[in-house]
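The values are calculated or read from the model by the stated rules, or taken from the named source; none is laboratory data. Remember, it's a predicted structure, so these values are computed and weren't measured experimentally. Every residue, glycine among them, receives a Cβ derived from its backbone with ideal geometry; neighbour counts consider all protein chains shown.
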Amino acid sequence: MKSPFRTCREVTALVLGGEDRPLRWSERLAIRFHMRICATCPVFARQVQLMRQALPRWRAYSDAPQPPPPGVSTTN
Ligand SMILES: [Zn+2]
C-alpha cells in the first residue's frame, strides 16, 4: 500500500489537477492528510479556491478557448 504522505509538490499538483478532473478518494485523503501537517499547502489551496470563486469566467475561458467572433476586427 502506498504511503499517505505526499510532498508539497505532489499535493499542489493534485489540487490543481482536481480543478480539471475528479480525484480518487485516495488522492483526496492524501491532500487532507497533508493539509494537517503542512503550513504552506493550505494557503495555496485557499488561493486556488478564492481564484475559482472570484473568476468563474477564467476557468470557462481556459477550458474552451473560443475563436474570435466573425466580423470583429482585431486592431491593436
Ligand atoms: Zn505542503
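Search segment 19-49 for residues being assigned to a loop (DSSP other than H, G, I, E, B) and not charged (D, E, K, R), and hand back the single one that is farthest from the ligand (Cβ to nearest atom).
First pass over segment 19-49, keeping only residues assigned to a loop (DSSP other than H, G, I, E, B): 19-24, 38-40.
Imposing the further condition that a residue be not charged (D, E, K, R) reduces the set to 22-23, 38-40.
Numbers: Pro22: 22, Leu23: 16, Cys38: 3, Ala39: 8, Thr40: 5 Å.
Per the stated criteria, the residue is Pro22.
Test each condition in (1) assigned to a loop (DSSP other than H, G, I, E, B); (2) more than 11 Å from the ligand (Cβ to nearest atom) for Arg52 and report the one that comes out false.
(1)
Can you tell me which residue is nearest to the chain's Cα centre (by Cα) among those in segment 22-63 that are closer than 21 Å to Cys8 by Cβ and at pLDDT below 90?
Per the stated criteria, the residue is Val48.
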